[in-house]
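First up is the structure itself, then whatever we jot down about it.
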Amino acid sequence: MAKLFRAAILGPPGSGKGTISKRIAQSFGLQYVSSGDYLRAGIPANTEAGVQMKTYIERGLSVPDHVVTGLVLPKLEQLSSHSWLLDGFPRTLAQALVLNNVYQLDLVISLNIPYETLKDRLSDRWIHPASGRVYNMSFNPPRVQGKDDITGEPLIQHDDDKPEALMSRLRQYKEVAKPVIDLYKTQGILHSFSGTETNKIWPYINSLLSTKLNRQPSDAHQTP
Ligand code: G5P
Ligand code: MG
């Protein structure tokens, strides 16, 4: 069996982690593990813990480490015979250290996207609250204006995606992410990508992974 490949993609809210991860997963056959998706799916409705969790996620604030690791690590155990890509995990040094105890990552991708770009993207972001599906009115609009593609239910925009709230979320993200980035830099597995357009960053990531995995992607994506 080929050696398993373990990777993570880090970046601030709106940096394109989800968009790029899905392309990587599809092109290179890695299992896609998104902490945000697991948290949203794991929120038990109508419990106090559930309401609390929803507040963290809706405000874009970090969910407590033990909750996130408690959800993500069992998923990784289920995927022990697969290569995988983590999206949005680890987000804190505590999470990175817990992960480090169990798995040695082969590659970490860090996305550096200018604040102005994040602001524009997130202020153009609409969400289907029940599922967490995210749309962007210019980059990936819903099929019907203002409606979720799957359920047809109305889309909403969060107060937390307004510029003032965004600024404090991004600042908090940066502070928390720095020691995580430093850890992977020290381990020699960090690869940073900067830019304002996912479609321009993607060919570089595509080529890096082709080299690391020693194979050609099965599908070279040009669109989201
Ligand atoms: P998530 O789900 O990890 P965030 O806030 O980190 O959420 P988000 O919003 O999912 O990040 P992203 O995945 O980095 O952003 O980016 P994306 O969705 O691909 O792109 C953002 C938008 O821009 C989309 O609409 C996309 O279509 C558009 N876009 C992409 N590229 C371009 C482009 O080139 N041009 C244009 N115009 N648009 C583009 O986490 C959710 C919450 O869960 C908790 C936190 O509360 C978090 O806020 N959480 C954790 N808490 C603690 N620890 C963890 N490890 C946690 N993980 C999640
Ligand atoms: Mg995401």
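So here's what we get for this one:
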| read-out | value |
| --- | --- |
| Residue count for the range 207-216, restricted to those that are closer than 29 Å to residue 120 by Cβ, surrounded by 13 or more Cβ atoms within 10 Å (Cβ to Cβ) and out of contact with any helix residue (DSSP H, G or I) (no Cβ under 7 Å at 6 or more places or on another chain) | 1 |
| Cross-chain or 6+ apart pairs with Cβ under 9 Å, the range 131-150 first and of a type in the set (Gly, Ala, Ser), then surrounded by 16 or more Cβ atoms within 10 Å (Cβ to Cβ) and assigned to a loop (DSSP other than H, G, I, E, B) | 131/148; 138/124; 146/155 |
| Hey, residue 76 within 14 Å of ligand 1 (Cβ to nearest atom), over 25 Å from residue 126 (Cβ atoms) and touching a residue at least 12 places away in the same chain (Cβ under 8 Å) or not | yes |
| Pairs where the first residue, in the range 171-186, is within 17 Å of residue 14 (Cβ to Cβ) and the second is surrounded by 17 or more Cβ atoms within 10 Å (Cβ to Cβ) and of a type in the set (A, V, I, L, M), C-beta under 6 Å, 6+ apart | none |
| Of all residues in the range 3-39 being free of Cβ contacts under 8 Å to residues at least 40 places away in the same chain and over 18 Å from residue 102 (Cβ atoms), the one that is farthest from ligand 1 (Cβ to nearest atom) | 22 |
| Single unsatisfied condition, residue 6 versus (1) within 16 Å of ligand 2 (Cβ to nearest atom); (2) touching a Leu at 6+ places or on another chain (Cβ under 6 Å) | (1) |
| Inter-residue pairs, beta-carbon under 7 Å, first farther than 11 Å from residue 72 by Cα and assigned to a loop (DSSP other than H, G, I, E, B) and in the range 87-99, second more than 6 Å from ligand 1 (Cβ to nearest atom) and of a type in the set (Asp, Glu), 6+ apart | 92/65 |
| Matching residues, the range 131-178, being away from ligand 1 (no atom under 13 Å from the Cβ) and among the basic types (Lys, Arg) | 143, 147, 162, 171, 178 |
| Condition check for residue 174: among the basic types (Lys, Arg) and under 18 Å from residue 17 (Cα atoms) | yes |
| Near pairs, Cβ below 9 angstrom, 6+ apart or cross-chain, from the range 100-117 (closer than 24 Å to residue 80 by Cα) to any residue that is in a loop (DSSP other than H, G, I, E, B) and of a type in the set (A, V, I, L, M, F, W, C) | 104/189; 105/189; 106/4; 106/5; 106/189; 107/5; 107/189; 108/189 |
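Results for (1) surrounded by 15 or more Cβ atoms within 10 Å (Cβ to Cβ); (2) over 17 Å from the mean Cα position of the chain (by Cα), shown as yes or no for each residue.
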| site | (1), (2) |
| --- | --- |
| 164 | no, yes |
| 167 | no, yes |
| 170 | yes, no |
| 178 | no, no |
| 181 | yes, no |
| 186 | no, yes |
| 198 | yes, no |
| 201 | yes, no |
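Just so you know, all these numbers are worked out from the coordinates, no wet-lab data involved. Being a predicted model, the structure only gives us computed values, none of them experimental. Here Cβ is always computed from backbone atoms with ideal geometry, including for glycine, and neighbour counts include all displayed protein chains.
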